[in-house]
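Please treat every number below as a calculation from the coordinates, not as lab data. Quick caveat: nothing in here was measured; it's all calculated off a predicted structure. No Cβ is skipped: glycine too gets one built from the backbone with ideal geometry, and neighbour counts run over all protein chains shown.
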Amino acid sequence: MKVMGGRAAPRGHAGRAMFARKKVLGVLVIGVAGVLVAACGSSASGKTSTTATGSGVPCGKMAIGLVGPLTGPDSSFGQADEDSAKLAIDNYNSAHPNCKVSLVLFDTQGIPSNTPPAATKAIQNSDIVAVLGPEFSGSVEAGEPIFNQAGMPTVTSDATAIDLSTHGWKVFHRTVGSDGVEAPGEAIFTVKNLHATSVAVINNGESYGAGIAQAYAQTLPKIGGKVALKATINPSASNYSSTVLAIKGSSAKAVYCGCLYPEAARLLKQLRQGGVSLPFISDAGSIESSFVSIAGSSAATGAVAGEAAVITSRYAPAETFLKQYVQKFGASAAQTYAPEGYDAANAILKAIAAGNHSRSAINKYLATESFNGVSGHIQFNSNGNVITSTVNVLSVKSGSWQYLTQVSVPAKLQVGG
């Protein structure tokens, strides 16, 4: 994950609760079934309600829904998506005064179980022709089956879980690179740049950490590396001495941690305290300023992590977007995934500008969408993933995460389509 002008807590990337996708799915059937009954069954007035189709909405009435955390601990990410969407819509409306579009907000507080009711409300609003979000992987898991059944096109800008693109959802799209690109990129950097072919692969035991660590591990043998050790740490624990000893006793020449920044930093600190000086690699969930303060500046220095998202200082269109964003909203910097959110809104708006005013027409258009956005080139493959092959690698230097290099990930190494 990344932030322009600072790093944000990876809770916005998906959040500790949002990463628990398997647990979400365990309760999804009951939750979705209840929502679908409410959507298609009897209303409070006793009349039978029907799900709106959003078919052929006239100019001036068309709206885009936004489903995300507008309140609660993750609200900064919802605000970023809202601001990005408003900026895109304002620009669109200025250029198309005879066919204006509005924005309708649905707050999930970043909680997956809040997403089905929000999805149902969005579907029932006949003016809404497409949805931005849901935000976070867990919320996509919870809400996308409902959107898919209703034929409501969705574009998320910050849900990176690999398996989101494997469910066969016909309305799912994302403008951010998935963990299936990020993890192989981190593995390539480990083997090719660090020349470490034997790696201890650690994960935090949660869906996100275990998933990205698995993708990393399965990439290693394809590029001349191997897994020297596999281990799981408890993200709530404070003592990782047994894991440190296991790493010391292995043939590992580097350590990879599929983790969020708190446990990744604690593990790195204890590795250094235990005399282990091996290179330390992690994922986007570690790219946060608190990683340095928890591990300590000395221990953190040299740690690396990858992210399949744009870095504004390395991409001119993103810098231009940042200036406009800051000027409009008076912010000192744009929040995490704001460029991807802007591109998500523009993908839908380009469909509307081309004369597509129904959900089905917009969804069909997105399958052929191709434009140069502020986060990179936007084009969706058949699984809804944005077509991308680059991972930015950052390293801790002088007490902060700084850009180091970019890694290209060939399609044959990408996981999950």
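Tabulated values for the structure
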quantity	calculated
Lys/Arg +1, Asp/Glu -1 at C-beta; segment 221-356 dipole; positive extreme among A237, A254, S286	A254
Only Lys, Arg (+1) and Asp, Glu (-1) charged, at Cβ; the chain dipole about Cα centre in debye	620
Cβ crowding within 10 Å averaged over residues, with 285-292, 218-225 ranked highest first	285-292, 218-225
Inter-label distance for K364 and Q324, nm, one decimal - labels placed 7 Å from Cα along Cα-to-Cβ	2.9
Pairs of Cα atoms farther than 14 Å apart, segment 237-313, %	58
Potential extension, S126-K170 segment - 0.36 nm per residue separation minus Cα distance	13.9 nm
Burial ranking of peptide ranges 165-173, 397-405, 107-115, 68-76 (average Cβ count within 10 Å, highest at the top)	107-115, 68-76, 165-173, 397-405
Packing-based exposure ordering (other Cβ within 10 Å, fewest first) of D90, D158, D127	D90, D127, D158
Dipole of the chain, positive direction: furthest Cα of I223, N372, A183, with charges on the beta-carbon	I223
Rounded to 5, percent antiparallel among DSSP beta bridges of the chain	35
Spin-label zone in segment 196-211 - amide nitrogen under 16 Å from a point set 7 Å from the Cα of T232 along the C-beta vector	201-211
Size-normalised alpha-carbon gyration radius of segment 62-171, reference 2.2 N^0.38 Å	1.02
On Cα atoms only, tilt of 316-329 relative to the major axis of the chain in degrees	60
A210-K412 pseudo-label distance in nm [points 7 Å out on the Cα-to-Cβ vector]	3.1
Computed [θ] at 222 nm, deg cm²/dmol, the chain (DSSP H ≥ 4; -39,500 (n - 2.57); rounded to nearest 500)	-12000 deg cm²/dmol
Packing rank of 130-140, 374-384, where each peptide gets the mean count of other beta carbons within 10 Å, highest leading	130-140, 374-384
Computed lengthening from R314 to I223, 0.36 nm per intervening residue step minus Cα-Cα distance	30.0 nm
Percentage of interatomic Cα-Cα distances in the chain larger than 28 Å	46
Prolate/oblate/rounded label for segment 304-417 (Cα gyration tensor, a/c 1.5)	oblate
Fluctuation leader among A150, A316, A295 - the chain, Gaussian network, Cα springs under 10 angstrom	A316
P(r) weight above 13 Å for segment 344-408, C-alpha pairs, percent	69
Charge dipole magnitude, Cβ of K and R +1, D and E -1 - segment 166-280, Cα centre, debye nearest 20	240
Residues in segment 284-311 reached by a label modelled at N91 [backbone nitrogen below 18 Å; 7 Å Cα→Cβ]	310-311
